[in-house]
There are 2 protein chains.
Amino acid sequence: MSSHVEQNLVEGNKAYAAAFTQGHLALPPSQKYAVLTCMDARIDPAAAFNIPLGAAHVIRNAGASARDAFRSLVISQQLLGTTEVLLVKHTGCGMLTFDNDTARGLVKKNKGEAAAKEVENIDFITFSELEEQVKDDVAWLKSKAVEEGVGVTGWIYEVETGQVRKVV
Amino acid sequence: MSSHVEQNLVEGNKAYAAAFTQGHLALPPSQKYAVLTCMDARIDPAAAFNIPLGAAHVIRNAGASARDAFRSLVISQQLLGTTEVLLVKHTGCGMLTFDNDTARGLVKKNKGEAAAKEVENIDFITFSELEEQVKDDVAWLKSKAVEEGVGVTGWIYEVETGQVRKVV
């Protein structure tokens, strides 16, 4: 039996596909950029960042970590023509609320010893100050993950207001 | 000076923020699920998969790779309450068009020797058969990345039609 979540996907997709007119779009992003943002449920990148369908790669992980997105960023630039990367972190991010030790402690408390054992070697890539981390990730991208001539900017999205602002 | 891409973000976001009414949403996804899909520019998960704002984590990387999403999936489940994972790969995926050797060859051809050197140890995590890879990734998730009781299903989105269908 399908779950409620599956039914919601199937029903909503029927309406989406019925109105769909963009089956002709090409594989490489038409506007040659990539947006790297957080997996946070409160962010709708296409709507909030005004990304037309087919225009940009959208990479998402916990905390909008540049390091964790390395493989996707390499593919985006080196194989699919991306020349500009926009990194967008956000207020109220879960990655701001703990460090590796407290995360492991939480896993142990919530899920028990076995789960805690499984995550003991994971780097959760948390951070303690939002604006500084945007700058740090942009610097890391520039030094390690983008080629000469690829633009990188860093932004903060406010989940409380829907507003985005440029940091660097 | 801002690029065209930056101006597009800033202008579009003004309109989004002006109409924004959902600043009250909580950090943990309200419907306790995560969607893992590709960074492909032709996919708009919120619209195509009917995800209400605040309802689900959305994780995206090149090819919707389960392995590459491991850290985010752990955080989603073990720290933020996710109990269901929907993996959605898609037709026309770039990861279907090469293997590690051809990817490295393409990087060398497009970007030169220095770039090729940088990617010689990257596993691009390509695949050759879409439906099989959905099944393989779901099996991997069930054995390595989700806990007992967390549901995992696998889907294919057709970029040509906007339709999604369940594989497993």
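Every number here is computed from the coordinates shown, using simple stated rules; none is lab data. If you're wondering where the values come from, they're calculated on a predicted model, not measured in any experiment. Cβ placement follows ideal geometry from the backbone for every residue including glycine, while neighbour counts extend to all protein chains displayed.
Compute the label zone of A:E147 within segment A:53-94: residues whose backbone N is under 13 Å from the point 7 Å along Cα-to-Cβ.
A:74-84
For peptide A:11-24, how many partner chain Cβ atoms fall within 10 Å of a residue's Cβ, on average?
On the way: counts 1, 8, 10, 4, 3, 8, 7, 2, 2, 8, 1, 5, 7, 3.
Mean shielding by partner chains, rounded to a whole number: 5.
Expressed in whole Å with the largest first, what are the equivalent ellipsoid semi-axes of segment A:25-74 derived from the C-alpha gyration tensor as the square root of 5 times each eigenvalue?
Values: eigenvalues 68, 45, 9 Å².
Whole-Å semi-axes of the equivalent ellipsoid: 18, 15, 7.
To the nearest whole number, what is the average tally of beta carbon atoms from other chains within 10 Å of the beta carbons of peptide A:144-150? List each step's numbers first, then the result.
Working: counts 1, 1, 0, 5, 1, 0, 0.
Mean number of neighbouring Cβ atoms from other chains: 1.
Under the Karplus relation 6.51 cos²θ - 1.76 cosθ + 1.60, θ = phi - 60°, what is the ordered set of whole-Hz ³J(HN,Hα) values for segment A:44-58, x standing for Gly and Pro?
Along segment A:44-58, the couplings run 10, x, 4, 6, 6, 10, 6, 9, x, 4, x, 7, 8, 5, 10 Hz.
Of the beta bridges DSSP finds with both residues in chain B, what % are antiparallel, to the nearest 5? Mind showing how you got there, number by number?
Working: 3 of 21 bridges.
Here the share of antiparallel DSSP bridges comes out near 15 percent.
Find how many whole Å separate the alpha carbon centroid of segment B:52-107 from the alpha carbon centroid of segment A:59-128.
What the calculation gives is 13 Å, centre to centre.
What average number of partner chain Cβ atoms lie no more than 10 Å from the Cβ of the residues making up B:25-38? Don't jump to the answer; show the numbers that get you there.
Numbers: counts 6, 4, 8, 2, 4, 2, 4, 2, 7, 3, 5, 2, 2, 4.
Whole-number average of other-chain Cβ neighbours for B:25-38 is 4.
What residues have an amide H closer than 5 Å to that of B:V152, excluding those fewer than 5 places away on the same chain, when H is modeled at 1.01 Å from N in the peptide plane?
Placed amide hydrogens put B:V85 under 5 Å from B:V152.
Select the chain A residue whose beta carbon lies nearest to the rotation axis carrying chain A onto chain B, and write the distance in whole Å.
A:R60, 2
Using alpha carbons only, what's the Rg to Rh ratio of chain A with Rh from Kirkwood?
Details: Rg = 18.1 Å, Rh = 17.9 Å.
In chain A, Rg relative to Rh is 1.01.
Given a cut-off of 33 Å, what percent of all Cα-Cα pairs of the protein assembly as shown lie beyond it? Present the calculation step by step, with values, prior to reporting the outcome.
On the way: 11666 of 56280 pairs.
Cα-Cα pairs in the protein assembly as shown separated by more than 33 Å: 21 percent.
Percent antiparallel among DSSP beta bridges with both residues in the protein assembly as shown, to the nearest 5?
Close to 15 percent.
Run the reach check for A:K108 against aspartates and glutamates, Cα to Cα strictly under 17 Å, same-chain hits fewer than 8 apart removed. What comes back?
Output for A:K108: A:D99, A:E118, A:E120, A:D123, B:E147, B:E148.
Hey, can you grab everything whose amide H is under 5 Å from the amide H of A:R42? Only 5+ residues off in sequence or another chain; H modelled, so Pro and N-termini drop out.
The answer is B:G54.
Want the number for A:L96 to A:K117: 0.36 nm per residue separation, take away the alpha-carbon distance, what's left?
On the way: separation 21, 0.36 × 21 = 7.56 nm, distance 2.28 nm.
Answer, rounded to one decimal: 5.3 nm.
Applying the Karplus parametrisation 6.51 cos²θ - 1.76 cosθ + 1.60 with θ = phi - 60° to the phi angles of segment B:123-128, what ³J(HN,Hα) value in whole Hz is obtained for each residue in order, glycine and proline being reported as x?
8, 6, 6, 7, 8, 10
Once both labels are modelled 7 Å past Cα along the beta-carbon direction, what's the A:A139-B:A18 spacing in nm?
It is 3.8 nm.
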